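The values are calculated or read from the model by the stated rules, or taken from the named source; none is laboratory data. As the structure is a computational prediction, the values presented were derived from the model and not from experiment. Here the Cβ positions follow ideal geometry from the backbone for every residue, glycine too, while neighbour counts run over all protein chains shown.
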Number of protein chains: 2
Amino acid sequence: MENETQVRLDEHLEELLELIEARQFSVLRKQLAELLPADVAQLLEDVEDKDLPIVYRLLPKEIAAETFTYMEAEQQQQLIQSFSDAELRETLDQLFVDDTVDMIEEMPANVVARILKNTDAATRRSINDILHYPKDSAGSVMTIEYVNLRRHMTVAEAFEQIRHGGVDKETIYTCYVTENRHLVGVVTVKDLLLADPNSNIADIMETNVVSVNTLDDQEYVAQQFSKYDFLAIPVVDRENRLVGIVTVDDAIDVLQEENTEDFEKMAAITPTDKPYMKTGVFETWKKRIPWLLLLMISATFTGMIITSFEAKLAGSVILTAFIPMLMDTGGNSGSQASVTIIRGLSLGEVELRNILRIIWKEIRVAVLCGVVLSVASFLKIWLFDGLLLGNADITPWVALTVSLTMIVTVSIAKVVGCTLPMLAKRLGFDPAVMASPFITTTVDALSLLVYFRMATWILKL
Amino acid sequence: MENETQVRLDEHLEELLELIEARQFSVLRKQLAELLPADVAQLLEDVEDKDLPIVYRLLPKEIAAETFTYMEAEQQQQLIQSFSDAELRETLDQLFVDDTVDMIEEMPANVVARILKNTDAATRRSINDILHYPKDSAGSVMTIEYVNLRRHMTVAEAFEQIRHGGVDKETIYTCYVTENRHLVGVVTVKDLLLADPNSNIADIMETNVVSVNTLDDQEYVAQQFSKYDFLAIPVVDRENRLVGIVTVDDAIDVLQEENTEDFEKMAAITPTDKPYMKTGVFETWKKRIPWLLLLMISATFTGMIITSFEAKLAGSVILTAFIPMLMDTGGNSGSQASVTIIRGLSLGEVELRNILRIIWKEIRVAVLCGVVLSVASFLKIWLFDGLLLGNADITPWVALTVSLTMIVTVSIAKVVGCTLPMLAKRLGFDPAVMASPFITTTVDALSLLVYFRMATWILKL
């Protein structure tokens with residue numbers, strides 16, 4: 001179900017596209033001036049390459065630069081290549097340093113060189129500093145444009161400073177108090193507004209400051225926002241010197257990016273930052289094929305288990321009919337446990353030190369699930385497959401073999417499912433790769449071993 | 001790899017727990033006063049039930065109420081039951097209405113009655129209004145405490161009003177301008193700070209306001225934050241009357257909640273709001289068993305397909321050995337496509353109208369993947385399983401049967417994988433349920449049909 005306002009916006013953007021087709025640029029210019037930058041960026045996504053610079057130049061200045069930050073790297077690059085040096089300089093002047101860095105990270109070397117050539121020396125130095133931090137670290141996503149106050153300032157002086165320099169700051173609502181570049185406190189504009197204009201910053205600032213380190217993982221940074229409800233978080237170096245801040249809008253982007261990465265890893269896809277519709281066929285293939293190959297080859301074990309049982313199986317082919325059911329149920333049981341644990345780890349709700357408690361809980365859940373599935377499969381096989389469909393090969397003993405295997409398989413699957421992600425985390429890997437596909441492959445092999453052992457034992461094969 | 005600051009905080013909280021054990025309440029009181037509310041809530045999670053009211057009463061007043069909002073419903077309820085009416089009234093006075101509503105939604109009727117009895121008439125009316133909105137709608141997550149300005153006010157007057165009423169507002173940074181309760185504009189504190197104190201609000205406000213409707217889904221609300229980088233979004237009724245706002249911290253909670261729900265649905269688990277460690281064995285079982293049962297029963301089809309081929313299979317049991325590999329690879333291929341599409345839909349990157357383009361893309365990716373997997377499986381089966389392991393049953397014809405089935409299976413899987421989620425969305429269901437488990441079950445049956453047809457054809461069975 002699509003949202004009404006959404007539909008109306010989409011329709012309006014469609015109309016604007018038609019104006020572009022019809023070359024009605026003066027009408028278009030007026031209409032564009034009334035859009036929000038994020039909506040302009042959405043419009044530009046559907047504009048043909050050749051029209052992009054023309055339409056972009058129709059934008060009023062105050063919208064243009066902000067629109068630029070909302071655009072995809074590919075279109076940004078295209079625009080930059082159409083810019084004169086003067087235009088490029090003007091656009092870069094309007095950007096926050098973190099947005100420039102985000103952009104640079106996606107550009108080829110010659111474009112980067114041109115960008116750096118057209119920024120002033122101080123900004124260039126900041127850009128180089130930020131580019132130096134490891135990918136996905138707090139340092140790489142931070143911005144250096146924040147309000148910096150001193151403890152001896154009065155509230156009135158603080159407002160003076162905010163009014164003076166605030167327009168170029170990414171946020172003014174959280175201000176940072178430093179002494180010799182060391183972070184000593186934070187104060188919000190709300191605190192300032194509610195305080196006596198003559199009081200000292202030192203008296204109203206919060207000194208219990210939560211900060212992150214430049215090298216902290218961006219996912220950890222985003223978690224702090226969801227825990228403390230911050231609008232911004234300060235980033236400090238090893239000596240507690242303030243080097244930048246991360247704002248909540250960037251934290252949301254990080255959260256969404258990390259969630260997407262987890263989804264992709266769980267589905268055995270190499271993560272990518274690119275939206276699906278922008279990713280080429282060949283690129284999509286490259287992200288998927290290595291895992292498919294790896295998982296296919298690892299299914300060799302299941303094959304070998306079946307082959308080793310081949311002679312006996314020839315005498316009781318009916319057993320083959322239940323292999324998919326056993327394998328799928330095992331896989332699903334394992335996925336349920338592994339996805340729950342992976343998500344819990346990523347939300348910080350599950351901790352490694354609880355591993356024994358978790359395994360114990362999963363064993364009990366597994367037994368409950370196993371018993372129900374076991375009884376259900378026994379009745380289904382014996383009554384439906386056997387009596388109702390009249391398959392004479394299906395004896396109660398066959399049903400018993402399957403249903404007993406079921407309970408063991410489910411138990412193994414749940415334990416493997418909750419253990420593997422925690423083990424991965426313990427060894428420093430991302431737990432998300434230990435999701436359905438790997439769990440399934442492991443559980444498949446184990447459940448077949450159990451199945452054939454049960455069959456040998458109960459059916460005396 | 002755990003974060004250093006995190007580890008230090010955890011250790012500090014451990015020490016505080018020891019202080020509680022040792023009944024060192026006066027030392028504890030001092031230490032608690034230095035914690036942030038979110039950290040106190042984290043501490044309280046591990047405090048024994050009987051100690052909870054004692055420790056909570058040690059908190060300084062300004063921390064206590066905020067800590068309360070960070071706590072899990074179960075502990076909130078426990079505290080309320082230990083509160084006197086006076087204490088309860090004091091705590092409720094400090095809460096924002098949206099936090100009170102969140103709490104009420106999780107409480108049994110008698111506790112709700114006591115809460116409502118201890119709130120003033122106006123708040124009680126607001127609570128009832130909010131409770132009236134459907135679960136997961138914008139109305140149900142909004143707060144009614146926002147700064148409301150008039151267009152004829154001057155900037156100085158606006159500051160006066162913010163100073164006067166701001167302390168009780170959930171955010172003061174985005175102010176809403178109304179006329180006859182209709183939303184006519186927004187103005188940020190940054191705009192106000194940078195404007196001339198004598199200018200009119202009407203002259204500096206932004207009139208192109210993005211708002212959501214009370215009945216909009218909370219996921220849509222959260223998406224607006226990630227699109228427009230808002231700190232708050234206004235919620236209006238059908239007549240564009242402002243009824244509340246949603247703040248960015250609540251939007252982050254919604255995002256995380258919705259992401260968790262998607263993860264759970266994709267793993268065939270009924271979603272729950274409760275953290276894993278707080279969910280009982282029986283409750284966890286109840287969330288998982290219906291889907292396991294359903295999926296197990298639906299595997300009946302695969303069983304029936306094998307049974308119908310049983311006679312022929314008896315003559316060529318070696319074919320059984322490759323069933324798991326074909327099924328797993330099909331399942332994995334399908335999951336890759338479905339998870340990509342489900343995530344794209346939820347991020348708004350993939351739209352229903354692109355379905356044909358998407359299917360065409362997936363077909364091309366499928367053919368690329370299929371050819372590689374097909375050649376790899378042929379070589380693996382013929383050379384490794386056949387010649388190297390010396391299995392005489394494995395002829396090049398058997399390898400050819402498997403490898404041709406592979407290419408067809410992967411293609412079917414990718415197409416089914418991308419189509420089913422879009423179909424679900426089109427019919428108004430959540431696409432997330434069309435993930436791995438359902439795709440796998442569907443693809444299993446289809447791939448077995450292809451396999452046996454290939455076998456009949458190539459091996460002349």
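Brief remarks on what is shown
- Subset of the range B:381-421 [β-branched (Val, Ile, Thr) and in a loop (DSSP other than H, G, I, E, B)]: B:Ile394, B:Thr395
- Selection within the range A:423-437 - out of contact with any Phe, Trp or Tyr (no Cβ under 8 Å at 6 or more places or on another chain) and surrounded by 24 or more Cβ atoms within 10 Å (Cβ to Cβ): A:Pro431, A:Ala432, A:Met434, A:Ala435, A:Ser436
- Only listed residue being outside any helix (DSSP H, G or I) and more than 9 Å from chain A (Cβ to nearest Cβ), chosen from B:Phe429, B:Phe378: B:Phe429
- Any chance B:Ala392 is more than 20 Å from B:Glu258 (Cα to Cα), surrounded by fewer than 15 Cβ atoms within 10 Å (Cβ to Cβ) and either at pLDDT 90 or above or not acidic (Asp, Glu) (or both): yes
- In the range A:19-35, the residues that are free of Cβ contacts under 8 Å to residues at least 12 places away in the same chain and under 35 Å from the mean Cα position of the chain (by Cα): A:Glu34
- Failed item in (1) more than 7 Å from chain A (Cβ to nearest Cβ); (2) of a type in the set (Asp, Glu); (3) more than 29 Å from A:Asp253 (Cβ to Cβ), with B:Glu310 passing the rest: (1)
- Residue count for the range A:102-122, restricted to those that are of a type in the set (S, T, N, Q) and either within 18 Å of the chain's Cα centre (by Cα) or farther than 18 Å from A:Phe68 by Cα (or both): 1.
- A:Thr270 more than 10 Å from chain B (Cβ to nearest Cβ) and within 21 Å of the chain's Cα centre (by Cα): yes
- Output for the range B:328-345, where each listed residue is under 22 Å from A:Leu43 (Cβ atoms) and either in contact (Cβ under 8 Å) with a residue 40 or more places away in the chain or more than 8 Å from every other protein chain (Cβ to nearest Cβ) (or both): B:Leu345
- Contacts under 9 angstrom Cβ, first residue in the range A:284-296 being facing chain B (nearest Cβ under 7 Å) and under 19 Å from B:Ala321 (Cβ atoms), partner among the basic types (Lys, Arg) and surrounded by 17 or more Cβ atoms within 10 Å (Cβ to Cβ), 6 or more apart: A:Met296/B:Lys380
- Residue list for the range A:205-216, filter: buried (at least 18 other Cβ atoms within 10 Å of the Cβ) and either farther than 23 Å from B:Ile63 by Cβ or more than 9 Å from chain B (Cβ to nearest Cβ) (or both): A:Met205, A:Val209, A:Asn213, A:Thr214, A:Asp216
- Subset of the range A:309-351 that is hydroxyl-bearing (Ser, Thr, Tyr) and in a helix (DSSP H, G or I) - its residue that is surrounded by the fewest Cβ atoms within 10 Å (Cβ to Cβ): A:Thr320
- The listed residue being hydroxyl-bearing (Ser, Thr, Tyr), touching a Lys or Arg at 6+ places or on another chain (Cβ under 9 Å) and without any contact (Cβ under 8 Å) to a residue 24 or more places away in the chain, out of A:Thr307, A:Thr279, A:Thr320: A:Thr279
- Flag for B:Asp430 being out of contact with any strand residue (DSSP E or B) (no Cβ under 9 Å at 6 or more places or on another chain), in contact (Cβ under 8 Å) with a residue 40 or more places away in the chain, within 25 Å of A:Thr320 (Cα to Cα) and not hydrophobic (A, V, I, L, M, F, W, C): no
- Residue that is nearest to B:Glu160 (Cα to Cα) [pool: residues in the range A:161-204 that are in a helix (DSSP H, G or I) and in contact with a Ser or Thr (Cβ under 9 Å, 6 or more places away or on another chain)]: A:Lys190
- Cross-chain or 6+ apart pairs with Cβ under 9 Å, the range A:202-222 first and modelled with pLDDT of 90 or more, then aromatic (Phe, Trp, Tyr): A:Val209/A:Tyr176; A:Val210/A:Tyr228; A:Val210/A:Phe230; A:Val212/A:Tyr220; A:Thr214/A:Tyr133; A:Leu215/A:Tyr133
- Filter result for A:Thr405 (more than 30 Å from A:Gln224 (Cβ to Cβ), buried (at least 16 other Cβ atoms within 10 Å of the Cβ), in contact (Cβ under 8 Å) with a residue 40 or more places away in the chain and of a type in the set (Val, Ile, Thr)): yes
- Every residue from the range B:50-69 that is under 29 Å from the mean Cα position of the chain (by Cα) and of a type outside the set (A, V, I, L, M, F, W, C): B:Glu66, B:Thr67, B:Thr69
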